[in-house]
Amino acid sequence: MRKKRTHLKAIYTSAQALLSLIDDILDFSRIEAGEMRLDSVPFDPRALVKETCEMVRPRIHDKPIRLSFKVDHKVPKILVGDPGRTRQVLLNLLSNACKFTNQGHIKLRVMLKSAEEERARVIFRVSDSGIGIPPKRLEEIFEPFRQLDDSLRRAHGGTGLGLAICRQLAHLMDGKVWAKSKVGKGSTFFFEARYGIRSGEPEAFHDASHAHGPSRATADGVPSKDVERGLEILLVEDNHLNGRLASLMLERAGHRVIWAQDGWEALRVATERREQLDLILMDVEMPGMDGLEVTRRIRALGLNGIPIVAMTAHAMKEDRERCISAGMNDYLSKPIRKDLLLEKVDRWSRKGGM
Ligand code: MN
């Protein structure tokens, strides 16, 4: 029985890996075909960098790594461009840094390269104290389906498309991605992109932050919803592939995802972002504190206005009842299907607004 379970788990995991590979390939072919359209909206680069680091932080697990970021003061307060794709590139570079660094630091620095009247070139630099990349391989890693080598690929997973996609996205932003590295000392990845800037519009700040963090608390503390502008969703999921898959689905639909990989992290985010959160997607089976317990604690903290949707592989009637009695509003069965996921998100975000 146990053996069967293990097999099933392995199949499930590879199916998930395959799905994320397909997603990457879709991205890749969309860019190749010239079908990738970038947004051009105002956003706050400081908020974006901070959120992106928070999304990546759980991936450090318990490794002794200090993850930090710094945005130079010359970088404009508001940039006009595609925040979702900018985040995608940064997530990719930071996630790689997490994978290939066992201790030390990961630093993200944002610098202004040049600015004209209406446009700015910005450089994002991700440096780590990881295993490094041999000089011969530095170009290869940007080629589709190439990774450092097979053994690393097995140890660290990934589709081998991430950096190729980053490079192409950077090209679409009239920029580039490149790397420097020393084996055993660490790697530094650079991502340069061009953005629009607005002169003399301090008010734009608030509009821009709303465009990407749409919650405005109403009188009863329930955030009003604006699905078209995207929601802020806390995704609680301990499984890396499931989390990545759900994040991709949600982000592609225009939502912002904060991914917590365990119950404690979920509680922290729920408390800190109580005003901004539109929805929580809660894995039920997690080591340590499970989703039921996290939900009970969130509700005990008085956070009753945020809808919580369970994600569980056990979709039997009594399991659903356990979720509801723990304080959840709804459930979604695993493996997650994109259409059902987005339907739930849509339904619960609208309910919150009523
Ligand atoms: Mn789980």
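Data overview
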{"read-out": "Selection count where residues are in contact with a Pro (Cβ under 9 Å, 6 or more places away or on another chain) and either outside the structural domain of ALA193 (by TED's automatic domain parsing) or open to solvent by less than 20 Å² (accessible area, probe 1.4 Å) (or both), scope the range 79-95", "value": "4"}
{"read-out": "Of the criteria (1) modelled with pLDDT of 95 or more; (2) over 22 Å from the mean Cα position of the chain (by Cα); (3) surrounded by 19 or more Cβ atoms within 10 Å (Cβ to Cβ), which one ILE133 fails", "value": "(1)"}
{"read-out": "Criterion violated by ILE336 - all others in (1) of a type in the set (A, V, I, L, M, F, W, C); (2) closer than 27 Å to ARG85 by Cα; (3) not in a loop (DSSP other than H, G, I, E, B) satisfied", "value": "(3)"}
{"read-out": "Some residue of the range 255-273 being more than 14 Å from the chain's Cα centre (by Cα) and of a type in the set (Lys, Arg)", "value": "yes"}
{"read-out": "The range 52-75, subset surrounded by 18 or more Cβ atoms within 10 Å (Cβ to Cβ) and in contact with a Lys or Arg (Cβ under 9 Å, 6 or more places away or on another chain), residue farthest from ASN239 (Cα to Cα)", "value": "VAL75"}
{"read-out": "Yes/no for ASP44 being outside the structural domain of LYS176 (by TED's automatic domain parsing) and either within 19 Å of the chain's Cα centre (by Cα) or at pLDDT below 90 (or both)", "value": "no"}
{"read-out": "Filter result for GLU318 (within 16 Å of the ligand (Cβ to nearest atom), in a helix (DSSP H, G or I) and either at pLDDT 90 or above or open to solvent by 20 Å² or more (accessible area, probe 1.4 Å) (or both))", "value": "no"}
{"read-out": "The range 115-130, residues that are free of Cβ contacts under 8 Å to residues at least 60 places away in the same chain and open to solvent by 50 Å² or more (accessible area, probe 1.4 Å)", "value": "GLU116"}
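The values are calculated or read from the model by the stated rules, or taken from the named source; none is laboratory data. What you see is a predicted model, and the numbers here were worked out from it, not measured in a lab. Cβ: placed from backbone, ideal geometry, glycine included. Neighbour counts: every protein chain shown. For accessibility, only protein heavy atoms count, side chains too; no ligands or nucleic acids. Shrake-Rupley method; radii C 1.70, N 1.55, O 1.52, S 1.80 Å.
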